Ligand SMILES: Nc1nc2c(c(=O)[nH]1)N[C@H]1C(S)=C(S)[C@@H](COP(=O)(O)O)O[C@H]1N2
Ligand SMILES: [Mo]
């Protein structure tokens, strides 16, 4: 008689392994689908370069910016989002703006695209993992849609919520625990209202002259260039104005490592590594990380009187 795994493995291990095997089988299926249907190349998106927001360093190669990604809804490996991104359907799509506002909105993605002239802005992106890229984004200030909704006087914070749909985001499937790095879904992020209204905070619909690729957060995300990359939530479906500081996915997962503010600060190390330098993707030597990721002139005044050493 042949032994089954359940006969030789202690119960809890067996259960975990079974969950893992189910997950592995699901991934094989997902992988098979991806080979059959490669993600379509994103179409062109016209935008006017805005010379005020333009980092002079050369942009990162498009190939790198679209294959080296953090988007844990697809898995924790840098290649997962581009490999599995085809399961996300960026249309139809709408974004709700609600909470403490006089005029709650539900905006179809086509309305979002037309709400303001599209600008191209070349920003530095600094991941908390100490790598960085230079990316030509396309979008317009988030303040445009916030003002439309007319935040009330009680509104102090803005919460962003990413789509929750396990059919589109494989790591959200129940039973695939661990594939998404232990994050709670949906992914949420947040800003103080004045940070969200800051002209640098970009509602982002494209990059490199194209519509936003799925792996970069299609069809719409935010980009906050003076903060660590995880603040820039992808594929957002809701923007909610609140009185209290919103809970954020990374802060819930590891509060001692990922604070609400998470401004880029070379003098405050991550508990497990230094933030003094960074690896620019495509370069060999490490660079010094700049205070507020190089945007100090524009944003330092937001934090007057606050202790930046403890503001993580
Ligand atoms: N919904 C969601 N948004 C996310 C993430 C994620 O895992 N899920 N990762 C963040 C992190 S850690 C980074 S560094 C940036 C990466 O953006 P990019 O892949 O477009 O360079 O997206 C951020 N936004
Ligand atoms: Mo990141």
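Every number here is computed from the coordinates shown, using simple stated rules; none is lab data. Being a predicted model, the structure only gives us computed values, none of them experimental. Cβ: placed from backbone, ideal geometry, glycine included. Neighbour counts: every protein chain shown.
Of all the numbered requirements in (1) over 30 Å from residue 164 (Cα atoms); (2) assigned to a loop (DSSP other than H, G, I, E, B), residue 279 misses one, and that requirement is (2).
Step by step: first the residues of segment 149-171, then only those that are in a strand (DSSP E or B) and in contact with a helix residue (DSSP H, G or I) (Cβ under 8 Å, 6 or more places away or on another chain), then the one that is nearest to residue 125 (Cα to Cα). Which residue is that? Only one residue fits best here, namely 162.
Just checking, does segment 224-232 include any residue being farther than 20 Å from residue 294 by Cα, more than 10 Å from ligand 1 (Cβ to nearest atom) and buried (at least 24 other Cβ atoms within 10 Å of the Cβ)? No: zero hits.
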